[in-house]
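Remarks on the structure that follows.
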Amino acid sequence: MNILFATSEATPFAKTGGLADVCSSLPVALSELGNEVSVIMPAYAQIDQAGIPIETTGKTLTIPIGAKTFRGELLKSRIPHSNVTVYFVRHDSYFHRDGLYNSGGIDYQDNCERFVFFSRSVLQAIELLDLNVDVIHANDWQTGLVPAYLKILYQTKCQKQDSFLTDPNSFVFYEEMSDEELARAERWYDRIRSVFTIHNMRHQGRFWRWDMALTGISWRYFTYDRMEFYNQLNLLKTGIIFADAVTTVSPQYAKEIQTDDFGERLQGVLRYRNNVLSGILNGVDMEEWNPATDRFLTEPYARFDSTTVFTEKPKCKAALQAQAGLPQNPDIPLFGIVSRFDPQKGLDLVADSINILVNKYNAQFIVLGTGDPILEQRFSKLAKEFPQNVSVCLKFSNEYSHRIEAGSDLFLMPSRYEPCGLNQMYSQLYGTLPIVRRTGGLVDTVVNASNESIADGTANGFSFYWGTSDDMGKAIEWAMFCYFERKEDWKKMIITAMNQDWSWNRSARKYLELYHCCR
């Protein structure tokens with residue numbers, strides 16, 4: 001199968017979050033299963049910093065934006081150690097900037113225009129590069145227009161598109177096509193189907209209504225059952241409405257976003273499209289996150305697997321305590337936290353509980369992250385108040401995050417919502433039992449340690465239901481009892497956790513099934 005990933009970011013070229021990891025690791029996994037896979041993304045200023053050769057294709061884009069026409073260029077490279085080609089859409093006035101979407105925390109005012117240009121470039125690139133595409137896999141609001149452009153402007157036979165609140169027999173409006181456009185559609189576009197993945201419902205690409213004129217799509221699509229959202233243009237909604245299949249990054253999150261609590265006012269649209277909505281868990285890059293080969297676990301740290309975890313992991317704990325400036329004590333529980341400091345992540349619950357856990361268990365906490373200034377101040381204050389028990393590093397360090405996963409006994413992840421989550425999977429692979437709130441992908445990956453699940457060998461962590469410090473505290477109390485009083489069961493849970501299959505190969509096979517179903 002021939003698959004084209006349309007994304008606003010991909011590692012190692014440009015990254016702001018997990019989207020970039022997904023849009024490099026998943027294409028590589030699909031390629032390794034025998035598919036022809038390529039990626040297309042904007043040519044940001046940051047792509048040169050990856051140190052990977054980038055060359056021109058010699059192809060020039062001509063993209064209409066409203067009443068004007070702009071030119072761009074197509075570049076290409078390759079994801080390292082793979083057969084996946086990456087195409088870059090170059091237009092320096094749009095993409096050669098300090099940040100991908102904002103500067104100094106303020107969104108660029110022309111973000112709609114920038115990603116109209118990119119989305120139309122995705123479709124035009126197929127013809128210019130003579131790509132044989134079966135499926136376009138678009139990701140998040142930045143590419144929400146891609147499925148719409150495909151159906152409305154590029155295909156001759158528009159598929160049935162129901163109006164979800166009016167006439168169930170309505171169709172996409174037919175656009176007039178010249179003979180040249182008909183031939184182009186039949187040659188490159190009519191066979192293509194689109195898949196649209198929602199990575200986080202909070203980010204929707206909402207713009208004022210008059211930006212609709214920039215898209216080149218008729219105003220008759222600016223309706224409540226297609227592209228309009230409370231008198232705004234909503235690009236995430238557009239992708240959901242027009243894609244042949246819609247996915248999100250965990251089965252539980254696919255259910256949650258159809259509810260009032262998590263739907264971000266698009267729950268009705270998602271319920272309408274639930275016949276094509278599914279959740280597929282993200283995977284883990286096993287080259288990067290493998291305690292047996294981890295490049296960051298050099299002496300005094302140690303590498304280990306499930307056969308050596310109980311002799312080598314204690315070395316990691318001692319080394320981590322030393323690096324964090326905490327007393328080296330193998331017997332007290334060590335909690336790790338690696339997180340963006342955001343209210344979503346529930347770290348205020350941890351801050352509320354640290355003094356109790358320090359006083360009761362002499363517990364230690366190593367925290368790595370940055371973000372919300374108020375949370376940063378709270379954790380900095382706790383580190384000063386409990387210098388023997390709390391260590392806080394207010395930055396991001398890939399090396400330190402690996403070492404925290406390897407050296408901690410438990411990993412705290414009390415997210416208020418979590419579309420998928422990766423750190424709970426990293427923790428399990430490193431023999432560090434996660435304590436999580438039961439939401440999103442955390443439900444799909446963490447089996448709570450009940451007496452029954454411990455007995456049948458499925459327990460791989462601890463979970464709690466309500467997003468309160470009291471409920472989290474009960475889960476921690478149970479974890480502490482298991483840590484101190486049920487040591488054999490503790491070891492059993494560690495082995496179960498380390499033997500989980502969170503590889504991208506597993507996820508890629510599920511995506512392949514989906515691609516074939518929407519063909």
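The values are calculated or read from the model by the stated rules, or taken from the named source; none is laboratory data. No experiment lies behind these values; they were computed from the predicted model shown. Using ideal geometry, Cβ is built from the backbone for each residue, glycine included, and neighbour counts are taken over all protein chains shown. When the accessible area is computed, the model is the full protein with side chains, heavy atoms only, and any ligands, DNA or RNA have been set aside. Shrake-Rupley method; radii C 1.70, N 1.55, O 1.52, S 1.80 Å.
Can you find a residue that is within 17 Å of SER507 (Cβ to Cβ) and not hydroxyl-bearing (Ser, Thr, Tyr) anywhere in segment 77-91? Steps first, answer last, please.
Pass one, segment 77-91, residues within 17 Å of SER507 (Cβ to Cβ): 79, 82, 84.
Okay, now just the ones that are also not hydroxyl-bearing (Ser, Thr, Tyr), so 79, 84.
Within segment 77-91, one or more residues are within 17 Å of SER507 (Cβ to Cβ) and not hydroxyl-bearing (Ser, Thr, Tyr).
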Counting only residues in segment 74-95 that are buried (at least 17 other Cβ atoms within 10 Å of the Cβ) and polar (S, T, N, Q), the one nearest to the chain's Cα centre (by Cα) is identified as THR85
For segment 207-259, the count of residues that are more than 19 Å from TYR272 (Cα to Cα) and acidic (Asp, Glu) equals 1
Condition test on GLY263, is it assigned to a loop (DSSP other than H, G, I, E, B), open to solvent by less than 10 Å² (accessible area, probe 1.4 Å) and not aliphatic (A, V, I, L, M)? yes
Quiz item: Regarding VAL172, is this residue hydrophobic (A, V, I, L, M, F, W, C), modelled with pLDDT under 90, open to solvent by less than 30 Å² (accessible area, probe 1.4 Å) and within 33 Å of the chain's Cα centre (by Cα)?
Solution: yes
Within segment 297-347, residues being within 27 Å of the chain's Cα centre (by Cα) and on the phi > 0 side of the Ramachandran plot number 1
Counted residues in segment 46-57 being open to solvent by 20 Å² or more (accessible area, probe 1.4 Å) and either part of a helix (DSSP H, G or I) or in contact (Cβ under 8 Å) with a residue 60 or more places away in the chain (or both) come to 5
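Could you please find all residues in segment 308-338 being within 14 Å of SER401 (Cα to Cα) and not aliphatic (A, V, I, L, M)?
CYS316, LYS317, GLN321, GLN323, PHE335, GLY336
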Pairs returned, first residue in segment 504-519 that is farther than 21 Å from TRP289 by Cα and at pLDDT below 95, second residue that is open to solvent by 70 Å² or more (accessible area, probe 1.4 Å) and assigned to a loop (DSSP other than H, G, I, E, B), beta-carbon separation under 7 angstrom, 6 or more apart or interchain, are none
- Selection status of ARG120, of a type in the set (Lys, Arg) and open to solvent by less than 10 Å² (accessible area, probe 1.4 Å): no
Just one listed residue, out of ILE241, ILE217, is in a loop (DSSP other than H, G, I, E, B) and either over 20 Å from the mean Cα position of the chain (by Cα) or within 17 Å of ALA138 (Cβ to Cβ) (or both), and it is ILE217
Within segment 2-45, of all residues that are over 19 Å from VAL249 (Cβ atoms) and assigned to a strand (DSSP E or B), the one most open to solvent (accessible area, probe 1.4 Å) is GLU36
By residue number, the members of segment 58-73 that are surrounded by 16 or more Cβ atoms within 10 Å (Cβ to Cβ) and either closer than 18 Å to ILE3 by Cβ or of a type in the set (Val, Ile, Thr) (or both) are ILE63, ILE65
Next item on the list: For SER401, indicate whether it is open to solvent by less than 20 Å² (accessible area, probe 1.4 Å), in contact (Cβ under 8 Å) with a residue 60 or more places away in the chain and touching a strand residue (DSSP E or B) at 6+ places or on another chain (Cβ under 9 Å).
Entry: yes
Within segment 430-449, residues over 15 Å from LYS491 (Cα atoms) and either hydrophobic (A, V, I, L, M, F, W, C) or in a loop (DSSP other than H, G, I, E, B) (or both) come out as ILE435, VAL436, ARG438, THR439, LEU442, VAL443, VAL446, VAL447
Reported set for segment 78-106 where residues are at pLDDT 95 or above, assigned to a strand (DSSP E or B) and within 27 Å of ARG206 (Cα to Cα) is TYR87, PHE88, VAL89, ARG90
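Does ILE495 satisfy being open to solvent by less than 10 Å² (accessible area, probe 1.4 Å), within 29 Å of LYS360 (Cα to Cα), at pLDDT 95 or above and assigned to a helix (DSSP H, G or I)?
For ILE495, the condition - open to solvent by less than 10 Å² (accessible area, probe 1.4 Å), within 29 Å of LYS360 (Cα to Cα), at pLDDT 95 or above and assigned to a helix (DSSP H, G or I) - is not met.
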Among residues of segment 176-193 being assigned to a helix (DSSP H, G or I) and among the basic types (Lys, Arg), the residue most open to solvent (accessible area, probe 1.4 Å) is ARG187
Those residues of segment 234-255 that are touching a Cys at 6+ places or on another chain (Cβ under 6 Å) and under 23 Å from GLY440 (Cα atoms) come to a total of 3
Over segment 266-287, the set of residues of a type outside the set (S, T, N, Q) and either over 30 Å from GLN428 (Cα atoms) or in a strand (DSSP E or B) (or both) is LEU266, GLY268, VAL269, LEU270, ARG271, TYR272, ARG273, VAL276, LEU277, GLY279, VAL284
Contact list, first residue from segment 320-347 and surrounded by fewer than 24 Cβ atoms within 10 Å (Cβ to Cβ) and modelled with pLDDT under 95, second anywhere and basic (Lys, Arg) and part of a loop (DSSP other than H, G, I, E, B), beta-carbon distance below 6 Å, six or more apart or interchain, is GLN344/ARG416
Checking LEU74, LEU61, LEU26, LEU100 in turn, the sole residue that is within 23 Å of GLU513 (Cβ to Cβ), out of contact with any Pro (no Cβ under 6 Å at 6 or more places or on another chain) and either in contact (Cβ under 8 Å) with a residue 24 or more places away in the chain or not basic (Lys, Arg) (or both) turns out to be LEU26
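Per-residue answers, yes or no, for (1) more than 17 Å from ASP140 (Cα to Cα); (2) among the charged types (D, E, K, R); (3) not in a helix (DSSP H, G or I):
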site	(1), (2), (3)
VAL195	no, no, yes
ASN200	no, no, yes
GLN204	no, no, yes
PHE207	no, no, yes
ASP211	yes, yes, no
TYR224	yes, no, yes
LEU233	no, no, yes
LEU236	no, no, no
- ALA406 part of a helix (DSSP H, G or I), in contact with a Cys (Cβ under 6 Å, 6 or more places away or on another chain) and either within 14 Å of GLY336 (Cβ to Cβ) or open to solvent by 10 Å² or more (accessible area, probe 1.4 Å) (or both): yes
